[in-house]
Each structure stands twice: as C-alpha cells, then as structure tokens.
Amino acid sequence: PEVKKEDVKLTVQNDVMTISGERKSEKEEKGKKYHRVERAYGSFMRSFTLPEDADGSKVTAEYKEGVLQVHLPKSEKAKPKSIEVKVS
C-alpha cells in the first residue's frame with residue numbers, strides 16, 4: 001500500500017524473480033497533528049527462486065489499488081501432453 005506503480009519494478013533473471021521498489025515519504029500536511037506515525041519508508045527488495053515448471057519469460061504483473069498481482073504460467077514442457085496411440 002501507498003507505493004506508486006512507477007516506483008515498483010519486477011525482473012526475472014536466471015530463474016529468480018525480484019520485486020523491488022521504493023516507498024516515498026508522505027508530504028507533510030499543514031494543520032494536521034499526529035501522535036504517532038508507524039509507516040516504513042525507503043527502498044525494498046524481495047527475491048524468489050522460480051519453481052522448475054515455471055515459465056519466467058511469460059510472467060505478467062498487474063498493479064491495482066495498491067496490490068501487485070504476479071501471474072507466472074507453467075512452462076509448456078511441464079504441462080501434461082496427450083499422445084495418440086495408434087493401433088494397427
């Protein structure tokens with residue numbers, strides 16, 4: 001929450017997906033009084049090793065209302081295939 005879309009970056013390299021970004025501090029609002037503000041600001045980064053059956057080249061992401069959704073499809077070789085058996 002409170003991270004702008006343009007401040008979030010997602011990369012996939014060597015079967016590792018990395019999500020990084022920056023939460024910038026809020027601008028001070030005049031006339032407001034706070035007893036306590038407990039929000040962390042600054043840079044963040046999290047890396048995940050992709051499963052063997054994931055296709056990192058087809059990863060997609062959507063950022064909506066402060067939520068990042070990452071879609072990582074299975075690779076074609078990981079999906080079951082039907083093979084027709086011919087009987088002679």
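Values quoted throughout were computed directly from the atomic coordinates according to the rules given, and no laboratory measurement underlies them. Small disclaimer: the values here were computed from a predicted structure and weren't measured. As a convention, Cβ positions derive from the backbone with ideal geometry for all residues, glycine included, and neighbour counts pool all protein chains shown.
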Violations at 31 Å Cα threshold for listed pairs 5/74; 5/81; 4/33; 4/77; 4/81 -> 5/81; 4/77; 4/81
Just add up the charged neighbours of residue 56: K/R +1, D/E -1, any other residue whose Cβ is under 14 Å from the Cβ of residue 56.
-> -2
